[in-house]
Amino acid sequence: MTRKWVVISSVLWLSFTLTSSQALGTAACPFHEWIDYRGIEVKKHSVRSAYYYVTSHKAVDADGAPNAYHSADVGKPCAPAGIGLDCPANAGYPNASWWRNVLVPDPDDESVAYIQENGAFKGYFVSKTALSARGKSETDPVRYVDARNFPYVVFPGKFYQTKGTGLLGDLGIAYHLKSGKRVPFIVADIGPRNAQLGEASIALFARFGGRSPNPRTGEGIPEGKVLYLFFPYSKRARSVSWPITNNEIELQAAALLDAVGGDTIFENCR
């Protein structure tokens, strides 16, 4: 009789342990497997549309900054340095197939990129981001999301076209696993179709503790993996268009984070 009780109690204890662990795991990280993009596992919230991925890949984007590309850098090597934050060659310029979604074409001759004619950034091209302010001229740098001042993330073209990944203007939070620093961001640009995940603005990497993150060389980026948590279609739900302030991005991202589990998400889902 005693022996049977020991066996039965052991079974009950094992059953309780498994059930409790499963319940704890579900509560701790309420995300499940969703899609795989170029070897990066993307996990989606069990109830809400939020999703995240973790990557060690980092690429620094200068687009949207009024001093991103300078006309005097045309034809010169990208590294180690130049006048602009990035080099025109990284926008395909001056090849005939240069990227008109990166550099604004000259209204008087669309075969060439527009050069700012006056002001503090005279001589620089006007660099675009896919997210832009309506009502402003395409040749006005203020129309675009300045990579120096706004933390933003870039979606590869194919990833952006995947159902459920969201819209330009959506919000998210980036979490640096090594330092524990968090940076609220906006989705502001679309990169090459098959690019890797992990491209973001100068400002985002700087807030992680980077020292002058360099789009030309990749230097100045803090080492370690980053967890990117996205709130897809939050732009639509907020009914807010660009431009918004960094303070607004932070406040709204914090509210969205609370809705999917709060701060514990970053530790429990890392």
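The values are calculated or read from the model by the stated rules, or taken from the named source; none is laboratory data. Fair warning: this is a prediction, and the values are worked out from it, not measured in the lab. Don't worry about glycine lacking a Cβ; one is built from the backbone with ideal geometry, like all the others, and counts go over all protein chains shown.
Details
- All positions within region 176-234 that are surrounded by fewer than 19 Cβ atoms within 10 Å (Cβ to Cβ) and of a type in the set (Gly, Ala, Ser): Ser179, Gly180, Ala195, Gly209, Ser212, Gly218, Gly220, Gly224
- Among (1) free of Cβ contacts under 8 Å to residues at least 40 places away in the same chain; (2) within 24 Å of the chain's Cα centre (by Cα); (3) assigned to a strand (DSSP E or B), the one test that Tyr175 misses: (1)
- Condition broken by Phe205, with the remaining ones in (1) over 22 Å from Arg236 (Cβ atoms); (2) touching a residue at least 12 places away in the same chain (Cβ under 8 Å); (3) assigned to a loop (DSSP other than H, G, I, E, B) satisfied: (3)
- Residues of region 63-80 satisfying the condition of being farther than 17 Å from Val112 by Cβ, surrounded by fewer than 24 Cβ atoms within 10 Å (Cβ to Cβ), touching a residue at least 24 places away in the same chain (Cβ under 8 Å) and out of contact with any Phe, Trp or Tyr (no Cβ under 6 Å at 6 or more places or on another chain): Cys78, Ala79, Pro80
- Subset of region 88-116 (residues that are charged (D, E, K, R) and either in contact with a Ser or Thr (Cβ under 9 Å, 6 or more places away or on another chain) or surrounded by 11 or more Cβ atoms within 10 Å (Cβ to Cβ) (or both)): Arg100, Asp106, Glu110
- Evaluation of Phe125 against (1) buried (at least 20 other Cβ atoms within 10 Å of the Cβ); (2) closer than 28 Å to Ala174 by Cα (one fails), failing number: (2)
- Flag for Asn118 being without any contact (Cβ under 8 Å) to a residue 12 or more places away in the chain, assigned to a loop (DSSP other than H, G, I, E, B) and not aromatic (Phe, Trp, Tyr): yes
- Residues in region 210-234 that are of a type outside the set (Asp, Glu), part of a loop (DSSP other than H, G, I, E, B), in contact (Cβ under 8 Å) with a residue 24 or more places away in the chain and under 14 Å from Ser179 (Cα atoms): 4 in all.
- Residues satisfying the stated conditions in region 235-259, i.e. closer than 12 Å to Leu171 by Cβ and not in a helix (DSSP H, G or I): Val240, Trp242, Ile244
- Residues (hydrophobic (A, V, I, L, M, F, W, C), surrounded by 15 or more Cβ atoms within 10 Å (Cβ to Cβ) and out of contact with any Gly (no Cβ under 7 Å at 6 or more places or on another chain)) located in region 128-138: Ala130
- Some residue of region 118-133 being more than 25 Å from Ala195 (Cα to Cα), touching a helix residue (DSSP H, G or I) at 6+ places or on another chain (Cβ under 6 Å), modelled with pLDDT of 95 or more and not aliphatic (A, V, I, L, M): yes
- Residues in region 120-159 that are under 22 Å from Ala206 (Cβ atoms) and basic (Lys, Arg) were compared, and the one that is farthest from the chain's Cα centre (by Cα) is Lys128.
- Conditions (1) at pLDDT 95 or above; (2) under 22 Å from Ala203 (Cβ atoms): number failed by Ile35: (2)
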